[in-house]
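The values are calculated or read from the model by the stated rules, or taken from the named source; none is laboratory data. Nothing here was measured: the structure is a model prediction, and the numbers come from that model. Here the Cβ positions follow ideal geometry from the backbone for every residue, glycine too, while neighbour counts run over all protein chains shown. Each accessible area value is taken on the protein alone, full model and side chains, heavy atoms only, with ligands, DNA and RNA left out. Shrake-Rupley method; radii C 1.70, N 1.55, O 1.52, S 1.80 Å.
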Amino acid sequence: MSDASTSSPEAPGTIPVTVLTGYLGAGKTTLLNRILSENHGRRYAVVVNEFGELGVDNDLVVDSDEEVFEMNNGCICCTVRGDLIRIVGGLMKRRDRFDGIIIETTGLANPAPVAQTFFVDEGVRSRARLDAIVTVVDAKHLPQRLVDSHEAADQIAFADVIVLNKTDLVSAEELAEVENKIRAINRFAEIHRTERASLPIADVLDRGAFDLKRVLAMEPGFLTDDSHEHNDDIASVSFEVERPIDPEKFNAWIGQLLAEKGPDLLRTKGILHYAGEDRRFAFQAVHMIADGDFIGPAREGEPRRSRIVFIGRNLNRPQLRRGFEACQVS
Amino acid sequence: MSGELERPGAEPSPDFLLQTRGAHRDLGAYVVAAAFDRSGAQAAFALGDGTVRLVAGEEWREIAVHDGAVLALAAGASGFVTGGDDGRFRRVTSAGEVGDIAEYGMKWVEHVASAQNVLACAVGRRLHLFDAAGTPLKSLDHPSSVTGLAFDTKGKRIGASHYNGASLWFVASKSDSPRVLTWKGSHTAIAIHPGGEAVVTAMQENALHGWRLPDEQHMRMSGYPSKTRSLSFTHNGRWLATSGADGIVLWPFFGGGPMGKPPVELAGGDGVTCNFVACHPGHDSCAAGFSDGLVVLADIGSERILPVASPGRGAISALAWSPDGTHLAFGSETGFAAIVDFSKR
């Protein structure tokens, strides 16, 4: 992985924020304690909901109520965490005391409002950058959770990094099966198998997953066409095209797609080669909220293919493929 | 637009007032708030390092008040009151003695306010009221976290902004049910018209919302390129000065306004965001601090701009007038703090 300090050169001095999600009992607090107690020389401000659970001394723990607010911007799925906007603003008054922020969400939380806060609020955006969404899942109980609730699937769908914990409590076959279930929802997250949430903290912190420059850095775990779509309705698909993209066509297509299907599209990421442009265009969205910018050119000899990834519900694969293909220059 | 200002390097030096009539220090930490005590004899700067700096005459004193950052500051009955991210609501006397008024554990004390005989602090969804001596009077609940507090001029009512509106409480009421002013969305700051005619809030969506109190007619003031953090009515309530644009945006609250009236914009036009505004307690003028460190005084009637401090010392994060309007205190995110004397010589 690359140097954390260079992960977001377009926003110098912004604080990296890691979002820790996962069901109650999956091992979130264990992972958090591990991060805080390990001797890595970095200081974290931690935003928690249940202060009592945290056993480690940390001088910057903020107790917060998750306050999810709707925006009045005509976007039906656009919500933000009002408490985080205030907390990030407050923490910046003592900016010299920490190197990063970790936000632990409640077990049932949908990660979208947290992620959207970092896209929508200019004050937060100018001071902090979303680094990655890390989801802790329990290898033994995940299959049941996926049946019980849609939040478990949402948390996996949003994840950049998945900590597949408590692997010691399941057989090798069960573990393979649970990993398949995760892959069916999100083929693009990194999965780390752990016992007692033990893993090098570099695997979860400073990932730069929301950095436009690294938006598609994580290759899917396997590239087999996901013919085994599951009854739980979240899936991930990706498409590649050979010919350069026409920016006007792409903007018209993606704009309409996000406006119409935004509630179903949890995360969208793309790296595009525009006609007549050396630099690549990186694109990402959380529901309807999109962000994009030019990044450096492709490496010498790298094919100039454009690629887009969707993670969401009710994905109409042929329609999405046709739509993306039609964005190529004719 | 009028009232434009040459910057930087305009003649005469925009630092003229600061250099000839100012006292300033580099305090080394984010200036969260500035305030004067009720007598006007002492100023205070609250800092991100947990200290309060008391300034009287030539003397600047450093007082350790919070374990963490000071988040809010106001004048007390005498001296000052502060809220911190250590969960404490504290008092700082003019002699520099510090004591707890209340303690709230892990929760941040994000807002404090005071009137003649009442002290207030907001902690999460609750607003706590105390008498001038610090004896608890009551605790008032809101549907979501309180994001701003304001007393009316007489200290009889206090307004709290929150998600989906604002609540207006009578301090001395026995019933403790607020007048709820409703408007969908996240309200992030509040001001009460000096004549009690309106309540105005800033909103998450770069706009203001207002309620005309007699008939609860809604007012919407929009067009800001960024969020308004600071709202200040002029002493007579004729104008509402606001931050969030590249100049001071002043809405007329007379002649039927602000409905259907354009705002007056002063000291703008150069793309630098106005961060903070504070109207003078006795004249139709307004001090404003910008994100590049510029501080100006704007005379609203003549639209003339008087530079107070030049850009370059950090984004202005605090601004306050002394009660008699003779002194202006301001501070920046990078720790610059100054007091400028406007009194007759």
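I'd like to verify a number: residues in the stretch B:168-186 that are away from chain A (no Cβ under 12 Å), part of a strand (DSSP E or B) and not hydroxyl-bearing (Ser, Thr, Tyr), how many? Quick ask: steps written out before the conclusion?
The first filter runs over the stretch B:168-186 and keeps only residues away from chain A (no Cβ under 12 Å), leaving B:168-182.
Subsequent filtering for residues that are part of a strand (DSSP E or B) retains B:168-170, B:179-182.
Now narrow it down to the ones that are not hydroxyl-bearing (Ser, Thr, Tyr): B:168-170, B:179-181.
Residues flagged as away from chain A (no Cβ under 12 Å), part of a strand (DSSP E or B) and not hydroxyl-bearing (Ser, Thr, Tyr) within the stretch B:168-186 amount to 6.
Filter the stretch B:247-271 down to the residues that are within 15 Å of residue B:226 (Cβ to Cβ) and under 20 Å from the mean Cα position of the chain (by Cα) and list them by number.
B:247, B:248, B:249, B:265
Just name the residue that is nearest to residue A:66 (Cα to Cα) out of those in the stretch B:150-167 that are within 14 Å of chain A (Cβ to nearest Cβ) and open to solvent by 10 Å² or more (accessible area, probe 1.4 Å).
In this case the residue turns out to be B:163.
Taking the options B:98, B:65, name whichever one is at pLDDT 95 or above and farther than 22 Å from residue A:89 by Cβ.
B:98
Suppose the filter is under 26 Å from residue B:208 (Cα atoms), open to solvent by 20 Å² or more (accessible area, probe 1.4 Å) and at pLDDT 95 or above; does residue B:247 pass it?
Numbers: under 26 Å from residue B:208 (Cα atoms): yes; open to solvent by 20 Å² or more (accessible area, probe 1.4 Å): no; at pLDDT 95 or above: yes.
Criteria not met by residue B:247.
Is it true that residue A:267 is of a type outside the set (A, V, I, L, M), in contact with a Gly (Cβ under 7 Å, 6 or more places away or on another chain) and not assigned by TED's automatic domain parsing to the domain that holds residue A:187? Lay out the reasoning, then the answer.
Numbers: of a type outside the set (A, V, I, L, M): yes; in contact with a Gly (Cβ under 7 Å, 6 or more places away or on another chain): no; not assigned by TED's automatic domain parsing to the domain that holds residue A:187: yes.
When the stated conditions are applied, residue A:267 does not pass them.
How many residues are part of a helix (DSSP H, G or I) and within 8 Å of another protein chain (Cβ to nearest Cβ) when one looks only at the stretch A:59-86? Working first, answer last.
Taking the stretch A:59-86 first, the residues part of a helix (DSSP H, G or I) are A:82-86.
Now narrow it down to the ones that are within 8 Å of another protein chain (Cβ to nearest Cβ): A:82-83, A:85-86.
The qualifying residues number 4.
From the list B:189, B:198, which one is closer than 19 Å to residue B:222 by Cα and away from chain A (no Cβ under 14 Å)? Walk me through it before giving the result.
On the way: B:189 fails: away from chain A (no Cβ under 14 Å).
Result: B:198 is the single residue among B:189, B:198 that is closer than 19 Å to residue B:222 by Cα and away from chain A (no Cβ under 14 Å).
Here's the yes/no breakdown for (1) at pLDDT 95 or above; (2) open to solvent by 20 Å² or more (accessible area, probe 1.4 Å):
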residue: B:194; (1), (2): yes, yes
residue: B:198; (1), (2): yes, no
residue: B:201; (1), (2): yes, no
residue: B:210; (1), (2): yes, no
residue: B:217; (1), (2): no, yes
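Within the stretch A:144-177, can you find the residues that are under 21 Å from residue A:30 (Cα atoms) and without any contact (Cβ under 8 Å) to a residue 40 or more places away in the chain?
Listed by number, the residues that qualify are A:162, A:164, A:167, A:168, A:169, A:170, A:175.
Quickly run through the stretch B:300-325 and pick out the residues that are part of a strand (DSSP E or B) and aliphatic (A, V, I, L, M).
From the stretch B:300-325, those part of a strand (DSSP E or B) are B:304-309, B:316-321; that's our starting set.
Within the stretch B:300-325, B:305, B:306, B:308, B:309, B:316, B:318, B:319, B:320 meet the criteria.
What pairs can you find where one residue is in the stretch B:14-42 and away from chain A (no Cβ under 14 Å), the other is of a type in the set (D, E, K, R), and their Cβ atoms are less than 6 Å apart, with a gap of 6+ or different chains?
B:21/B:341; B:40/B:324
Just need a number here: residues in the stretch A:270-293 that are more than 20 Å from the chain's Cα centre (by Cα) and open to solvent by 30 Å² or more (accessible area, probe 1.4 Å).
From the stretch A:270-293, those more than 20 Å from the chain's Cα centre (by Cα) are A:273-280; that's our starting set.
Keeping just the survivors that are open to solvent by 30 Å² or more (accessible area, probe 1.4 Å) gives A:275-280.
The qualifying residues number 6.
Hey, among the residues in the stretch A:219-253 that are acidic (Asp, Glu) and modelled with pLDDT of 55 or more, which one's farthest from residue A:187 (Cα to Cα)?
If we filter the stretch A:219-253 for residues that are acidic (Asp, Glu), which is where we start, we get A:219, A:225-226, A:229, A:232-233, A:240, A:242, A:246, A:248.
Next cut, modelled with pLDDT of 55 or more only: A:219, A:232-233, A:240, A:242, A:246, A:248.
Details: A:219: 8, A:232: 15, A:233: 14, A:240: 15, A:242: 22, A:246: 27, A:248: 29 Å.
Per the criteria, the residue is A:248.
Just need a number here: residues in the stretch A:109-131 that are touching a Leu at 6+ places or on another chain (Cβ under 8 Å), of a type in the set (A, V, I, L, M) and away from chain B (no Cβ under 14 Å).
3
Considering (1) open to solvent by less than 10 Å² (accessible area, probe 1.4 Å); (2) in a strand (DSSP E or B); (3) in contact with a Phe, Trp or Tyr (Cβ under 8 Å, 6 or more places away or on another chain), say which one residue B:237 fails and leave the rest.
(2)
I'm trying to understand the selection: among the residues of the stretch B:202-217, which are within 13 Å of chain A (Cβ to nearest Cβ) and either of a type in the set (Lys, Arg) or assigned to a strand (DSSP E or B) (or both)? Explain how you work it out, then say what you get.
First, pick out the residues of the stretch B:202-217 that are within 13 Å of chain A (Cβ to nearest Cβ): B:202-209.
Hits for the stretch B:202-217 are B:202, B:203, B:207, B:208, B:209.
If we scan the stretch B:111-126, do we find a residue that is in a strand (DSSP E or B), more than 24 Å from residue B:162 (Cα to Cα) and away from chain A (no Cβ under 14 Å)? Walk me through how you get there before you give the answer.
Taking the stretch B:111-126 as the starting set, the residues that turn out to be in a strand (DSSP E or B) are B:111-115, B:118-123, B:126.
This time we only want the ones that are more than 24 Å from residue B:162 (Cα to Cα), so: none.
Looking through the stretch B:111-126, none of the residues is in a strand (DSSP E or B), more than 24 Å from residue B:162 (Cα to Cα) and away from chain A (no Cβ under 14 Å).
In the stretch A:285-330, what count of residues is obtained for those that are of a type in the set (Ser, Thr, Tyr) and in a strand (DSSP E or B)?
Within the stretch A:285-330, the first condition is being of a type in the set (Ser, Thr, Tyr), and the residues that meet it are A:306, A:330.
So of that shortlist, the ones also in a strand (DSSP E or B) come out as A:306.
Residues that pass the stated criteria total 1.
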